Amino acid sequence: MKPIFSFLILFLWIQNLGFAQTNLLGKVLDGKNQPLPGVNVFLKGTFDGASTDQGGSFQFETAETGAQILVFSMMGFKSQEVIVELSGKTLEIPTLILKEEFNELNTVTISAGAMEASDEKKSVILRPLDIVTTPSAMGDIVGAFQTLPGTSTVGNDGRLFVRGGDASEVGIFIDGLRVGNAYGTTAGNVPTRTRFNPNLFKGTFFSTGGYSAEFGQALSSALALNTKDLAKRNQGDLSIMSVGGGYAHTLANEKRSLTVTGNLFDLKPYQGIIKQDFDWERAPYGSDLELAAQQKTAKGGLWKVLARTESGGMKLWQAQPGVADRGMLIQVKNTYSYSQTNWRKAYESGWSLFGGVSYSSNKDRLNFGGTEIERISQLTHAKWTASYDFSDHLAVKNGAEFFRNDYSEALTKENLERNFGDNQGYLFTEWDWYISQKFVLRSGLRAGFSALADQKWLDPRASLAYKISENGTLSLAAGRFHQLPEERFRVLNANLKNTESGHLILNYLYQKEGKTFRAEAFHKSYDHLVRFEGNPQNPQSVRNEGEGFARGFDVFFRDRESLRNTDYWITYSFVDSKRSYFQYTGQVQPDFAPKHNLSVVVKHFVPHLKSQLGLSWSFNDGLTYTDPNRPGEMNSKTGSFQNLSLSWSYLPRPNLIIHGAITNVTGHRNIFGYQFAQAPNEQGRFESMPLGQGAPRFLFLGIFFTISKDKNANNLNNL
Amino acid sequence: MKIILATLSLVFAFVWNASANDPAYESAMKKQIQAMKTIQNLEQSQSVINGFVRIAEAKTTEWLPYYYAAYLQTIAAFRFEVNKDQYFDQAMELMSKADKIAPNNSEITVLKGFIIMGKLAVDPMSRGQELSPLAMQTFGKAIALDKENPRATTMMAQMEQGMAQFFGQGPEKACGLARVGLELFAKEEAKINENYLLPTWGKREAEQVAGACK
């Protein structure tokens, strides 16, 4: 026991020395040499310390002696430690400068080309909820993005068209993994929708150019959708709509959650009530089943599974110009599956890892007036990324990707088939350099390889952002982008190489509480576009010979603050685009790139009605088309496109939403082009028919009811 | 061997006793809790927060100093002209440190819910759908962890009151919860003496909800 005893004596002796108090004082400044108040200054491992005052000064007394560590700490700043020798006298610490840590709140972000929707981040343009409540979108993700800068509405197509690019130039990703055939299969002139429900996603990242080296195989745009993390509670969601219905059931606890959803839709009853301009033999119908599961793994990892399968179809008569009867009967039957799994984890060491695989499978059975065609497309995408933060100044993301793409199309009656299979590999690296809080530089490189095209390529990309004022940021982005031609062309010519584009973007973003102003100018060059002889139904000698450009600017203004309970945004996009592509021999303005595009969205919440009222208005100056009765290509333009949509969402109870919407309230007669007869009539004229809308208006009514058997809610009732 | 065992157990007993009853810790906490009651401005608030953080950093086995630091950070966001989101985020950061020391603690859970409520109040239009069920769920969990916690019941009463007002429903549920909260506060007050360090806030909020029930 003796050593313990002497230890106790020693301990008491040290304690007794304590009356010799040391007085510490000093001053703390920030990076701009201004006094920094509120800094916690203390001796490590003790309770002794003080906060700096308005003048940045601190002063405290301590009974500790000898060598000690003096800590300077403040949230958002890098802590500093100073070794001090306490001797019972006054000790003046030399003035110290604390540097602010770079984080998302105080550091510039690159905004060129990018539009982010998220609840988590600050620099966002749209929130996930905004997508569901945009009237013209009718709950379609892409429908909501059509109100954003850089996009054009092509009303008889429904897909996303970005800055003079066609719909295939937009790459769609879920949790970073590619989605094949993201849009439903449709017959020509019947607009399609995205297959995925907006409720699946917690955030979206939509880029209209100059995007990260992480995304490839997209010439114009990347749309990245991020699925929700763990569901919060057990619940059932029932929806009853004018076009169908569905049910989703969610089981959740703190570690894992599972949602199973089933939907049925059929437009037949709706079309029975509302007169249609299209000659339907069988209205569009379909059903889908979807499973989403999330599991927390050890120490902060998250593992997700998403699987979806759906089938549907439609049958309609398409009148032919110059022919008196109902025309050609077209039938579409589609089955589609998408499944993916991914895992991500952030380590405290600064590493974060991601791995995932997705598989898309699409099968179309088409019948064009007796000609039976079967198309099968399969896409597998595997991806790994590893990110590392060297410091808050430098971060890197590296990745490797593998794609397998199989495609076949067959004339079933004639027993003729053609197909191709391709393996592609990619490596990418991207470096973010935060030179100061005001200046960030991102440089990336993407290398690709395709076995079928027998081609290797490199895509350098770079962007930078400079904060020019407290709320304003200027960004510049440039890069090269490669994309292999559409499957329908590759199957005709396996030697087709990549199409290519180059982007240059200048962006100005101003964001202040509730207000966003964004202006962007761009220039895009196109090379090696697909060209052929003949017509798109029967292309001959397909080759990489087309080229072109798109240039223009867009402005966006959103204000959620000035008017009470009102949120509105206004977008104008100007695109000047010409390209030689498909059957066109010269450079023409494509039929999906209207010059002037304008959209306005207004949402107003009326508290005493418990309702949100929505309005959206889209306008473009018309689409080009070729009139064979006149000389030249793309020699004519349709009238303007206009669509005024209104919606009303009513929330009588927390778990009940009644939503009604109507598109094209004014009944504006939108024409998207003209179909011309193959041969001239007796007078030598090509007869034509306008390609219009399926009906002047579309009405939607839905009731959404949530049943929650929350364990906690039950607990409450027991109180 | 026996002697070593005896010595070890003695040492352990001593150490355990020291941590359960550390006078320096207790007096430091009491000093900050006293100072907490006199906060008039942001500077004073930061100074008391820093005091609690100092105790937390020196006494890494106690969740309470982090809890108070986070509580004051949250109150500061409501009371003073600051970047509210940043303050709430920092409060949440402090709470996750407290959570690591004492997982599944009802008081910690209530305060987390309170922070979520604060984030919700910054932008109810766009955050409501996501955060109001989360706040409800968090308060529900806090009640489940300790039915005697008056703050858990009171905060839930506040949420229920807000929901009832928004949807134009009757205040019965909120009023019932507030009454239960007030009873629990009475029970808690009987336990409070000069050495009581645990949280005691929330009675005023319970009274406010109950006040609207006549």
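What follows is calculated from the coordinates using simple rules that are stated; it is not laboratory data. Values in this document were obtained by computation on a predicted structure and should not be read as measured data. Note that we place each Cβ from the backbone using ideal geometry, even for glycine, and neighbour counts take in every protein chain shown.
So what is the calculated 222 nm ellipticity per residue for chain A, using -39500 (n - 2.57) for each DSSP H run with n of 4 or more, over all residues, to the nearest 500 deg cm²/dmol? Dividing the helical sum by the residues of chain A leaves -1500 deg cm²/dmol.
Working note: Debye formula, equal point scatterers on the alpha-carbon atoms of the stretch A:19-97, no solvent; log10 I(q)/I(0) at q = 0.11, 0.20, 0.27 Å⁻¹ is -0.25, -0.80, -1.37. Can you work out the PRE-style zone for A:LEU476? Point 7 Å along Cα to Cβ, and I want the residues of the stretch A:482-520 with backbone N under 14 Å. Under cut-off, by backbone N: A:504-508.
Among the trypsin sites (Lys or Arg not before Pro) found in the stretch A:225-286, those both in a DSSP coil and sparsely packed, with 12 or fewer other Cβ atoms within 10 Å of their Cβ, are A:LYS255, A:LYS275.
Cβ-to-Cβ counts within 10 Å put A:PHE161, A:PHE403 in ascending order as A:PHE403, A:PHE161, the fewest first. Remark: the stretch B:132-145, residue by residue, has Karplus-estimated 3J(HN,Hα) of 5, x, 5, 5, 4, 5, 5, 5, x, 5, 4, 5, 4, 6 Hz, where x stands for each Gly or Pro and the curve is 6.51 cos²θ - 1.76 cosθ + 1.60 at θ = phi - 60°. Separation of the alpha carbons by more than 23 angstrom is noted, of A:LYS255/A:LYS383; A:LYS255/B:LYS112; A:LYS44/A:LYS345; A:LYS27/A:LYS512; A:LYS438/A:LYS512; A:LYS363/A:LYS524, for A:LYS255/A:LYS383; A:LYS44/A:LYS345; A:LYS27/A:LYS512; A:LYS363/A:LYS524. Once the Cβ-Cβ distance of A:ARG685 and A:ASP621 is raised to the sixth power relative to R0 = 30 Å, the FRET efficiency obtained is 0.65. Take the Cβ-Cβ distance between A:GLU85 and B:ALA35 as r, set R0 to 41 Å, and report the resulting FRET efficiency rounded to the nearest 0.05. Once the sixth-power term is evaluated, E becomes 0.85. For chain B, the longest principal axis of the alpha carbon atoms and the long axis of helix B:2-20 meet at an angle near 30°.
Of all stretches in chain A that contain no GluC sites (Glu not before Pro) in a DSSP loop with at most 13 other Cβ atoms within 10 Å, the longest one is A:121-253. Projected onto its three principal axes, the C-alpha set of the stretch B:30-108 covers 32, 28, 20 Å, listed from the longest axis down. Neighbouring Cβ atoms from other chains, within 10 Å of the Cβ of residues in B:53-66, number 3 on average. Multiplying the residue separation of A:THR309 and A:ILE69 by 0.36 nm and subtracting their alpha-carbon distance yields 80.2 nm. Modelled this way, with points 7 Å down the Cα-to-C-beta line, the labels at A:VAL357 and A:LEU251 are 2.5 nm from one another. Taking amide H as placed 1.01 Å from N in the peptide plane, A:GLU687 has its amide H under 5 Å from the amide H of A:ALA677, A:ASN681, each at least 5 places away in sequence or on another chain.
Net charge dipole, the protein assembly as shown: roughly 1040 debye, given to the nearest 20, about the Cα centre with Cβ charges of +1 for Lys and Arg and -1 for Asp and Glu. In this rough spin-label picture, where each label sits 7 Å from Cα along the Cβ direction, the B:ALA121-A:GLN583 distance is 6.6 nm.
Measuring between their Cα centroids, the stretch A:576-624 and the stretch A:168-190 lie 19 Å from each other.
Computed from the C-beta positions of A:ASN423 and A:SER287, the FRET efficiency with R₀ = 22 Å rounds to 0.05. Using only the alpha carbon atoms of the stretch A:88-244, find the Kirkwood hydrodynamic radius as the inverse mean reciprocal pair distance, in angstroms to one decimal. Result for the stretch A:88-244, one decimal place: 18.0 Å. Under 17 Å of direct C-alpha separation, and excluding same-chain neighbours fewer than eight residues apart, A:LYS397 reaches these aspartates and glutamates: A:ASP175, A:GLU214, A:GLU348, A:ASP389, A:GLU430, A:ASP432, A:ASP459.
Note on the stretch B:41-102 and the stretch A:278-298: Cα centroid distance 46 Å, given to the nearest whole angstrom. Only one residue of A:THR186, A:THR134, A:PHE641 has its Cα farthest out toward the positive end of the dipole of chain A, where Lys and Arg carry +1 and Asp and Glu -1 on Cβ, and that residue is A:THR134.
Computed from Cα atoms, the angle from the helix A:2-16 axis to the main principal axis of chain A rounds to 90 degrees. With the charge dipole of chain A set up from +1 on Lys and Arg Cβ and -1 on Asp and Glu Cβ about the Cα centre, the Cα lying farthest toward the positive end among the listed residues A:GLN540, A:THR516, A:PRO680 is that of A:THR516.
The label point for B:GLN169 and the one for A:ILE240, both projected 7 Å from the Cα toward the Cβ, are 2.0 nm apart. Per residue, the convex hull around the alpha carbon atoms of the protein assembly as shown comes to 197 Å³. The residue among A:GLY216, A:GLY203, A:THR297 whose Cα reaches farthest toward the positive pole of the charge dipole of the stretch A:199-299, with charges on the beta-carbon of Lys, Arg, Asp and Glu, is A:THR297.
When the Cα gyration tensor is reduced to axis lengths a ≥ b ≥ c, the ratio a/c is 1.5 or higher for the stretch B:60-214, and with a/b not above b/c it is classed as oblate. Placing +1 on the Cβ of every Lys and Arg and -1 on the Cβ of every Asp and Glu, with nothing else charged, gives chain B a dipole about its Cα centre of roughly 240 debye.
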